[in-house]
1. Between segment 349-363 and segment 281-298, what is the C-alpha centre distance in whole Å?
2. Compare the peptides 198-206, 285-293 by average per-residue count of other Cβ atoms within 10 angstrom and give them in order, highest first.
3. For the charge dipole of segment 68-223, defined by +1 on Lys and Arg C-beta atoms and -1 on Asp and Glu C-beta atoms about the Cα centroid, which residue among LEU218, TYR125, PHE169 has the Cα displaced farthest towards the positive pole?
4. Kindly rank 153-166, 124-137, 335-348 from highest to lowest mean number of other beta carbons found within 10 Å of each residue.
5. Quick query: amide H of ALA216 versus all other amide H atoms, modeled in the peptide plane; which residues come in under 5 Å with a sequence gap of 5 or more or a different chain?
6. Farthest toward the dipole's positive end in segment 313-375, which of GLY357, ILE369, GLY315, given Cβ charges of +1 (Lys, Arg) and -1 (Asp, Glu) about the Cα centre?
7. Amide H neighbours of LYS60 under 5 Å, at least 5 residues apart or on other chains, H built in the peptide plane: list them.
8. List the aspartates and glutamates whose alpha-carbon lies under 15 Å from that of LYS174, not counting same-chain residues fewer than 8 positions away?
Amino acid sequence: PETSAMGCGTSCTKGKGKKGKTQAGKYKVRPQDGELLTQLTAVSIVDVVNTTGAAGNGPKMFSGAKNDPSPLEMTSFTNKCVEVLGDAVDLLPAGIAFTCRKGLKPDTPNQDTWFVLKMDTFSLYAVLDGHGPNGHEISQFVKEHLPKLIVQDPRSKSPEAGPCLVDAFKKMQKLVIAAESRRRLQARKSGTTATVALLDHSRGKLTIAHVADSAAVLGTKEGDKWIGKAVTRDHKPNLKGERERIEKAGAKVGFDGTNHRVYAKDSTSYPGLNMSRCLGDTLGHEECGIICEPEITRINLDSSTEQILLICSDGVWEFMSAQEALDIVTRRPYDMGDQAVGLLAKESWDRWIREEGAAVVDDITAGLIYIGKDRR
């Protein structure tokens, strides 16, 4: 696959007279960003699909996890609530299944989420993993608005969808800032990962945009065997280019004994992010060189064989390789994907218990897409 970094470009450093910021270093909220937030809040993703004609004459269905009514009361390993909008489309016969399980964190809600927009023209699949005190609100906010930003851009249906996804991530960060200014969100020290895959059904092309570490894996069947390969890289602060950008912004990268983390110049505590790119985390964007720029991965699919896309939060990848995950989900046939992702979630849980001595388990989200079955 071809990978490139595109998008937000400049890191958000604190400074005087910088375009788009006040002298105190905080982002200005542009009127057009507030207006866009108002417009998008008033409509559903199905409304946007209908208005743009993105689905053509075919069905359109949006599904995704949503925050539970009493999130702190949910028991560990419970599946998160799911909402469905639009036409009645059964995802299992199309080889699509997601699960979103609460980790072993009694004082913290499940901060992961996911979404699928299923259409005959193109489809979207995404996983988001929130972090910080309000991470579950940030991931939910992005789940609600990011697909609208993608669909309303005509380039989402073009042969090259990368620029559309890049601009959608840029606009999404601006919407977070606008929502924060209206006190709808608290995003100073909370944010989310985002991995979004756009599958162009007619052209057989897969375009993935991601920030942070909810990794995507492509599985290809070779003979009787499935071969798995990661098609995204985790955005960690100690990576050469990432560290250089962070330090150029006046921040630093430190090691806490387990993870490399991003710290403001004169701090050993904040923002403390173990990723170098994300959505939200406005403090880290302003002061520490954190960016919302997604990397774009382009894959021309092989129509002569079966292929699988896995998108999972790091609750899966912390103790599991791409090949191990693929071996687990392929124990079940494509139309039993709900069982397949359930097996993957359970194995991920068991490995956390073994490795961490039953002290903690991260939230676990797994998305499975049989591309050959859904390429129509």
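1. If you average the Cα positions of each part, the centres end up 29 Å apart.
2. Descending packing order for the listed peptides: 285-293, 198-206.
3. Going by the charge dipole, the pick is PHE169.
4. So the order, starting with the most tightly packed, is 124-137, 335-348, 153-166.
5. Here VAL231, THR232 satisfy the definition.
6. Farthest along the dipole direction, towards plus: ILE369.
7. Hits under the 5 Å cutoff: ASP87.
8. Counting by Cα, and skipping residues close in sequence, LYS174 has these aspartates and glutamates nearby: ASP33, GLU35, GLU144, ASP281, GLU286, GLU293.
The values are calculated or read from the model by the stated rules, or taken from the named source; none is laboratory data. In this text, all values refer to a predicted model and were calculated from it rather than measured experimentally. Note that each Cβ is placed from the backbone with ideal geometry, even for glycine, and that neighbours are counted across all protein chains shown. Remember, those area values only see protein heavy atoms, side chains included, never the ligands or the DNA or RNA. Shrake-Rupley method; radii C 1.70, N 1.55, O 1.52, S 1.80 Å.
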